[in-house]
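S.K.: What follows is a structure written as structure tokens; I'll ask about it next.
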Amino acid sequence: MTKSKKVEGKKESVSRRDFLKTGSTVIAAGALGVYASGSTSTALANPDPVEAPSYAPSTGYIVWDSRLCLGCQSCMYACSLTHEGVANPSLSRIQIIRDAPSFTKYPYDITMSVCRQCVTPICVQNCPTGACYVDTENGNVRRIDPNECIGCGTCIESCPQRPHRTVWNPEKDISMKCDLCVDAPYWGREGGPNGYQACVEICPAKALKLVHEPPLQTDVTGYDVDLAPPPPPPRNFMNFFQQNSDDSKKKGE
Amino acid sequence: MTGGYTGKIIRVNLTTKEVGTIDTAKYEEFGGGYGMGTAIFWDLAVSPGEWDMKDAYDPRNVLPIMVGPLAATGVPGAGRTSVCSLSPETFPTCEFWRGNLGGRFGTMMKLAGWDGVVVEGKADKPVWINIINDQVKIEDAKELWGLDTWETQNRITSMVGGKTRYGEEWYEIGSGSTTARPEILLIGPIGETKSRLAALITGSGVSARIGGHAAVFGSKNLKAISVIGTNSIQVSDPKGILEARLHQMQSPGSFPTQPGAASCMPCLKGDRRRSNYYGGETMCACQGWLSSHKMSDSDRAAEALIKYGLSSWSAHFHVDMFSQNIPGAPALFRGKVPTDSGLGWYLQYLKQEGLLGPGKEIDSDPLPMDQWGELSFRQALLDAVANRTGIGDALAEGCCRAAEKWGRLEKDRDSGALRLTAWGATAHWTMPWVEWAYAYILGAGDPAWHGFMAPVGKPSEGTLEQSLEKLSKRTIPYTDDIFMFNYAWKGEEAWKTGIYSPHKAKQVAWSRHYSSFWNESMAFCEMFLPELGSHSPEMETMYYKAVTGKDDSFAGTMRIGQKIWTLERAIRVMHGRSRQTEDFFPYMYMPGASGFAIYGGVPVYEKGKWRSDLAPDMYLDRKGVDDFKTHFYALEGWDKEHGWPTRKTLEDLGLGRMVKTLRDSGKLGAA
């Protein structure tokens, strides 16, 4: 694995044992439900009334179009294959959740759960060891260093999104998060904000896209955007056969 | 084992309540999915010799529900679940047959750590099987019996662990965690009452209708199998899987990107719909056509079908859409020939002939005949079949058995009114693609395999002959014989190079061997692969090698396909299959047998020239079909008199252990 120099978010080394012994001083921001950037959530996440640290924004963000998503979960397989070398949706840093068999109506039948590379990354802010950090050598992507993660789960508890975008890896006892494929050893392409992301490239519906400007942070609308291509001529599977039927009849006569 | 396999299969005996495992490695030579399921059926149901294999509802019927090694690996289109058993649907005898379905059940089975589940015996009361990673429990289904397929899935989801609202949180399963719901394979009320048309359902709109295996669930008092898992699948070359996908995605315009499309896990094609009916997903894009003349009613009727546990292909009412005027067709067709004709077509025929109605020869009670064509009629029909009330009791047995009960079997079969290609199975395309038709009789009904339809169609560029020459390079191991694709059906050419010739036998064999390995055992959706006009056969082996690490050539995999196909044959031979029993229904020998053709029709070689022909007047010749069987049996290494595999064929294919069983039963083909 390529280890990048970390500038922001670096803290003194703390072991999982030390962390558990002293207890967490972090309040889970998860109770917020919907993430609201800025001082409110930051203040809740930090019990001491100090000014929230600011972080250089990521130069890459994955946005999506939940209407376009096929629900095929190809991106989840791509993520676990490229990062972990195995196929396992539970180890994917992107989660596509289909509501069958609970039968919610379109377009609310699919939830696309993608790391937002938050402008104010609470996971970075609250990590007790600095394992979760802003990678200034790779476009300020918010990453977790697997070698320094002590598996305390603070980043998971802290993530204000539901479901949380930081992902627990039970096979390694560490947390993981989307790194825009900066460190994807089984991905045959250059990753990162200036490269290619496996989920984006693999998506057959083009429902994921990398952008470089921070999306609106206050709600989901900044990320769940219109990526649909122009509509095709009015020709679907059904009238395709009907057309053929009509042609056949003409030719058969 | 190599990549892709989990290494173990669940074995559940519902009579004794025992849960054990089968080592997958024992069956690896059969690839996976249906291949393994067929071999397991042989070992557990046939080889012991304790069962005559006459009654599909006998507790000794064995039901392997299997997944392939490519499932849940990121390979697209390969997550289908195969089901096989002695089929209650086929007529006049219960034949060994298979069906399969997409969705996410198969992939979840793999993620739970299993290559399949084999169900034996019969529970003394309704049960469901609860699989959570390596934990397998037989649960009481008293509260679920009688519920529709959606409500049942919701109840099971709540019981298994959906403690948080959908989409809001991860939940823990053992040491792992997931955002997924359990995936559930189940039957509706129609399966509970053992309708021979019943379909297995998963999710909100995915079904396996071929074979009526849902009725086997019902006969075993098995309502559902639920599975959820969080394990990793080891693959040989993770980078190779993604490279193969990206390679396939380079085809311009191959894949739809319009809002509202949907796919199985993790497919590329997007040929489902995220409809507001069917609870957000359709079986496939076709299903919306099938139940009523009003689209809104059609969607709602299809939703009702899924909830009751019936596939709409079995109850096809859309006579007008898929019909064509056929010169010379029998008067009973009223100038129209439907392409897909099952229960709906037969009921329509009986109605228009004045045979079906209140107080008529066939009493329609409790169907509201004055609401024919309306959604309310469809719902009443489903309810009658599910509860076996009135006419529903006969219809639940399928068209042929219903006709038999009404004393109309011979008459309606011989006239062509029972338009069921073979084995009483719902007609689906068949002619003019005769390889599809032949697969009906050689198997046990609808092969549901479209592989040659587009490739033999009228080419968009170049000559037809050039197009067929290219195609003939891809059909390994039967290459460089373009007469395989000759659909001449009349005169001397039909016997010399056309549909009754040894050339056609090669095309049929290729389709059966390919299907047996790649579609049924590697579980590639047949709407996904083969793509004989572009990616096949390179794409198949790219995916296969990336997952398993195996270096099998495409010809080698086709040989495994032939092995599976021959084992399937051996099972059928053991329960009575022979040359004499495999035949078409009479309408196939009458004008009107063919429906309309798409893709510009089929290639015909006559008088030294090739042409594309829509072939609306194609029908079969009895002697020609008999001659075709002779050629086909010879190609497969089955004896000419009975169509039974010979010792040499079995041994050459590595099926030597089946020789003794066949010989002891007097059913080993003569050399």
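The values are calculated or read from the model by the stated rules, or taken from the named source; none is laboratory data. Every value quoted in this text rests on a predicted model; they were computed, and no experiment measured them. Quick reminder, even Gly has a Cβ in these numbers, built from the backbone with ideal geometry, and neighbours come from all protein chains shown. Heads up: the accessible areas ignore ligands, DNA and RNA and are worked out on the full protein's heavy atoms, side chains in. Shrake-Rupley method; radii C 1.70, N 1.55, O 1.52, S 1.80 Å.
S.K.: In the range B:8-228, with Lys and Arg counted as +1 and Asp and Glu as -1 at Cβ, which of these residues, B:67, B:161, B:138, has the Cα nearest the positive end of the dipole, that is, farthest along it?
M.R.: B:161
S.K.: Positive end of the dipole of the range B:434-664, charges at C-beta (+1 Lys, Arg; -1 Asp, Glu), about the Cα centre: which of B:590, B:634, B:459 has its Cα farthest in that direction?
M.R.: B:634
S.K.: Here's something else I'd like to know. Can you put B:581, B:38, B:661 in order of accessible area, largest first, using a 1.4 Å probe?
M.R.: B:581, B:661, B:38
S.K.: Given the options B:505, B:533, B:356, identify the residue whose Cα lies farthest towards the positive end of the charge dipole of chain B (+1 on Cβ of Lys, Arg; -1 on Cβ of Asp, Glu).
M.R.: B:505
S.K.: If I take the Cα coordinates of the range B:8-228 and project them onto the principal axes, what are the three extents in Å, biggest first?
M.R.: Extents along the principal axes, in whole Å: 52, 39, 32.
S.K.: Turning to a different aspect of this structure: Once you charge only the Cβ atoms, +1 for Lys and Arg and -1 for Asp and Glu, what is the size of the charge dipole of the range B:348-417 about its Cα centre, to the nearest 20 debye?
M.R.: For this selection, approximately 120 debye.
S.K.: Please list, in order along the range B:529-546, the HN-Hα scalar couplings obtained from phi with the Karplus expression 6.51 cos²θ - 1.76 cosθ + 1.60 (θ = phi - 60°), rounded to whole Hz, x for Gly and Pro.
M.R.: Taking θ as phi minus 60°, the curve returns 9, x, 10, 6, x, 8, 8, 7, x, 5, 4, 4, 6, 4, 5, 4, 5, 4 Hz for the range B:529-546.
S.K.: A further question follows. So, by mean Cβ neighbours within 10 angstrom, what's the order for B:106-113, B:2-9, B:146-153 with the highest one leading?
M.R.: Ranked from most to least packed, the peptides come out as B:106-113, B:146-153, B:2-9.
S.K.: Please state the shape class of the range B:438-504: rounded when a/c is under 1.5, otherwise prolate if a/b exceeds b/c and oblate if not, all from the C-alpha gyration tensor.
M.R.: oblate
S.K.: What is the local net charge at residue A:67, summed over the other residues whose Cβ is closer than 13 Å to its Cβ (Lys, Arg +1; Asp, Glu -1)?
M.R.: 0
S.K.: Taking K and R as +1 and D and E as -1, what net charge do the other residues with C-beta under 10 Å from the C-beta of residue B:389 add up to?
M.R.: That sum, taken over residues with Cβ under 10 Å, equals -2.
S.K.: Near the amide H of residue B:311, under 5 Å away, which other amide H atoms are found, from residues 5 or more places off or on another chain, if H is placed in the peptide plane?
M.R.: B:199
S.K.: Percent relative contact order of the range B:568-650, based on C-alpha pairs within less than 8 angstrom and at least six residues apart?
M.R.: Reported as a whole number, the value is 29 percent.
S.K.: About the Cα centre, and with charges only on the beta carbon of Lys, Arg (+1) and Asp, Glu (-1), how big is the dipole of chain B? Nearest 20 debye, please.
M.R.: Charge dipole, chain B, about its Cα centre: 280 debye, nearest 20.
S.K.: Search the structure for amide H atoms under 5 Å from the amide H of residue A:141, placed 1.01 Å from N in the peptide plane, and list their residues when 5 or more places away or on another chain.
M.R.: Residues meeting the criterion, in which the H sits 1.01 Å from N, are A:59, A:135.
S.K.: Now for a separate question. Counting helices only, and only those DSSP H runs with n ≥ 4, report the 222 nm mean residue ellipticity of chain B as the sum of -39,500 (n - 2.57) divided by its residues, in deg cm²/dmol to the nearest 500.
M.R.: My calculation for chain B gives -9000 deg cm²/dmol from helical runs alone.
S.K.: Taking amide H positions as placed in the peptide plane 1.01 Å from N, state which residues far from residue B:173 in sequence (5 or more) or on other chains have amide H under 5 Å from it.
M.R.: B:178
S.K.: Take the alpha carbon atoms of the range B:16-40, find their center, do the same for the range B:109-151, and report the distance between the two centers in whole angstrom.
M.R.: Going from one Cα centre to the other spans 18 Å.
S.K.: Here's another thing I want to ask about it. Any idea what the relative contact order of the range B:501-599 is, in percent, if you count C-alpha pairs under 8 Å spaced at least 6 apart?
M.R.: 30 percent
S.K.: Distance cut-off 27 Å, Cα to Cα: go down the list B:473/B:550; B:504/B:640; A:177/B:137; B:470/B:648 and report the pairs above it.
M.R.: A:177/B:137; B:470/B:648
S.K.: Show me, for the range B:486-493, the HN-Hα J-couplings you get by feeding each phi into the Karplus relation (A = 6.51, B = -1.76, C = 1.60, θ = phi - 60°), rounded to Hz, glycine and proline as x.
M.R.: Whole-Hz 3J(HN,Hα) from phi for the range B:486-493: 8, 9, 4, 10, 10, x, 4, 5.
S.K.: With +1 on each Lys and Arg Cβ and -1 on each Asp and Glu Cβ, and nothing else charged, work out how big the dipole of the range B:8-228 is about its Cα centre, in Debye to the nearest 20.
M.R.: Roughly 320 debye for the range B:8-228.
S.K.: From Cα pairs below 8 angstrom and at least 6 apart in sequence, can you work out the relative contact order of chain B, rounded to a whole percent?
M.R.: Averaging sequence separation for qualifying contacts and normalising by length gives 14 percent for chain B.
S.K.: Using only the Cα atoms of chain B, build the gyration tensor, take square roots of its eigenvalues as a ≥ b ≥ c, and label the shape rounded, prolate or oblate: rounded if a/c is under 1.5, else prolate if a/b is larger than b/c, else oblate.
M.R.: Rounded.
S.K.: Follow-up question, since we're still on this one. Residue by residue through the range B:8-24, which ³J(HN,Hα) values in whole Hz follow from phi under the Karplus form 6.51 cos²θ - 1.76 cosθ + 1.60 (θ = phi - 60°), with glycine and proline marked x?
M.R.: Ordered by residue, 3J(HN,Hα) equals 8, 10, 6, 10, 10, 9, 6, 6, 8, 6, 7, 10, x, 10, 10, 6, 4 Hz.
S.K.: Right, another one. Under 1.5 on a/c is rounded, so check that first for the range B:434-664, then, if it is not, pick prolate when a/b is larger than b/c and oblate when it is not; a ≥ b ≥ c are the square roots of the alpha carbon gyration tensor eigenvalues.
M.R.: Oblate, because a/c is 1.5 or more while a/b does not exceed b/c.
S.K.: The range B:485-609: percent of C-alpha pairs farther apart than 17 Å?
M.R.: The share of Cα pairs beyond 17 Å in the range B:485-609 comes to 70 percent.
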